[in-house]
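The values are calculated or read from the model by the stated rules, or taken from the named source; none is laboratory data. All values derive from a computational prediction rather than experimental measurement. Cβ sites come from the backbone with ideal geometry, for glycine too, and all protein chains shown count toward neighbours.
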Amino acid sequence: MKPSEAIRTVELTGADYEHTTALEGARDGVLLKYHARPVGEIFGRMIAERAFEACEFSLANYMLLKSRGADWLKAVPVFPNRAFRHSTLFVRTDSDLTDPAQLRGRKIGVEDYSMTAAVWVRGFLGEQYGVHWRELEWYCDEKHTRFAAPSGVRITQVGSDLESMLLDGQLDVIMSFGPRDERLPPEKRRLRRLIANSEDVEKAYYRRTGIYPINHCVVVREDLIERAPQIGRVIFDAYVDSKLAAYKRRLGSTMIPWAKRYWTETLDFFGGDPLPYGLTDANRAVIDKLAHYLHEQKLIAERPAIDSLFIAGSADFREH
């Protein structure tokens, strides 16, 4: 179908990834347009305003909404953002902390208690290191909090910068996707990763569990599904094609020395595809583990049936 023949234009909003650069196009009566925005802005506006007809969204926050009866959105089994989280814990270079097992009773800063990454961190702290979330004092940025923490959590909302609080000794550890400190020359850095060999630990975790943590899914408003029932499949196929195009071009490996070898080794480690889409057995296991953590952490009252989270027909969506 030519773009001029499309019967409906759908605005899809998400982060600016290399594997989403070829998302736009027309298929099955839909002309898909992609808009890149910061994900924090997307999530906040979707929760507060239902601002986007289709968008990338926090998987944990989505399950929180569904557990509270939200019937105005459904997920597509596309998972554009995954990341291991053992490497996100930072302490001062002069800290006596060298192992997550030492965190019991400590003060930990995290941008938003309910965000998916924090759910995964609390999960592995309990399962791998014996530190339960109740045994930590949580400090969260009041500007980024999307859902209130459940009762029983020792939590303080702060208006201060968490990284500065860590450097000033007000916190023992922070969870960060990339502290400003890392942009300094190595000799000037005042922070270090709590798990020094985090990449090795994350690889061992994957070998043991088969879990490469999912952070985000794609959600569609119900009013769009009613107007364009094919939209779930259209979005799924668009993401698949865009990802395959990125793999073909080896995007992300063409400017860095030795990256070609690392690219090959990494894809081999993940069986050829670090970002599998669809409700495969492996993806169901990851989603179920996240649901288990959400339930154990008292963020949801019941674990959901996985198929109930996704748009009708999702079980039949397959990559090609």
**Prompt:** Taking the stretch 82-118, which residues are β-branched (Val, Ile, Thr) and part of a loop (DSSP other than H, G, I, E, B)?
**Reply:** Thr93, Thr98
**Request:** Answer yes or no: is there a residue in the stretch 165-176 that is in contact (Cβ under 8 Å) with a residue 60 or more places away in the chain, over 23 Å from Met115 (Cα atoms) and among the hydrophobic types (A, V, I, L, M, F, W, C).
**Result:** yes
**Asked** Among the helices (runs of 4 or more DSSP H) contained in the stretch 143-232, which hold 1 or more residues that are outside the structural domain of Asp281 (by TED's automatic domain parsing) and modelled with pLDDT of 95 or more?
**Response** 162-167, 198-209
**Request:** Give Ala204, Ala245, Ala228, Ala238 a once-over and let me know the one that is out of contact with any Ser or Thr (no Cβ under 6 Å at 6 or more places or on another chain), among the small types (Gly, Ala, Ser) and free of Cβ contacts under 8 Å to residues at least 40 places away in the same chain.
**Result:** Ala204
**Prompt:** Does the stretch 11-33 contain at least one residue that is under 12 Å from Cys217 (Cα atoms), among the hydrophobic types (A, V, I, L, M, F, W, C) and crowded, with 20+ Cβ neighbours inside 10 Å?
**Reply:** no
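Looking only at the stretch 55-65, how many residues end up being outside any helix (DSSP H, G or I) and among the aromatic types (Phe, Trp, Tyr)?
1
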**Flag for Gly44 being of a type in the set (Gly, Ala, Ser), closer than 29 Å to Gly169 by Cβ and surrounded by fewer than 22 Cβ atoms within 10 Å (Cβ to Cβ)** = no
**Complete:** Considering the stretch 289-309, residues that are crowded, with 20+ Cβ neighbours inside 10 Å and not aliphatic (A, V, I, L, M), and then whichever is farthest from Leu275 (Cα to Cα), we arrive at Gln297
**Asked** Given (1) among the aromatic types (Phe, Trp, Tyr); (2) touching a residue at least 40 places away in the same chain (Cβ under 8 Å); (3) not in a helix (DSSP H, G or I), where does Tyr34 come up short, assuming only one miss?
**Response** (2)
**Complete:** Of the candidates Phe52, Phe79, Phe43, the one satisfying the condition of being among the hydrophobic types (A, V, I, L, M, F, W, C), at negative phi and part of a helix (DSSP H, G or I) is Phe43
**Message:** Between Ala285, Ala301, which is of a type in the set (A, V, I, L, M) and in a helix (DSSP H, G or I)?
**Reply:** Ala285
**Message:** Out of the residues in the stretch 234-275 meeting the condition of being under 20 Å from the mean Cα position of the chain (by Cα) and part of a loop (DSSP other than H, G, I, E, B), tell me which one is nearest to Asn81 (Cα to Cα).
**Reply:** Leu275
**Item:** All positions within the stretch 58-115 that are out of contact with any Leu (no Cβ under 7 Å at 6 or more places or on another chain) and polar (S, T, N, Q)
**Value:** Ser58, Asn61, Ser67, Asn81, Ser87, Thr88, Ser95, Thr98, Gln102
**Request:** For the stretch 252-261, state whether one or more residues are touching a helix residue (DSSP H, G or I) at 6+ places or on another chain (Cβ under 8 Å), closer than 30 Å to Leu31 by Cα and not hydroxyl-bearing (Ser, Thr, Tyr).
**Result:** yes
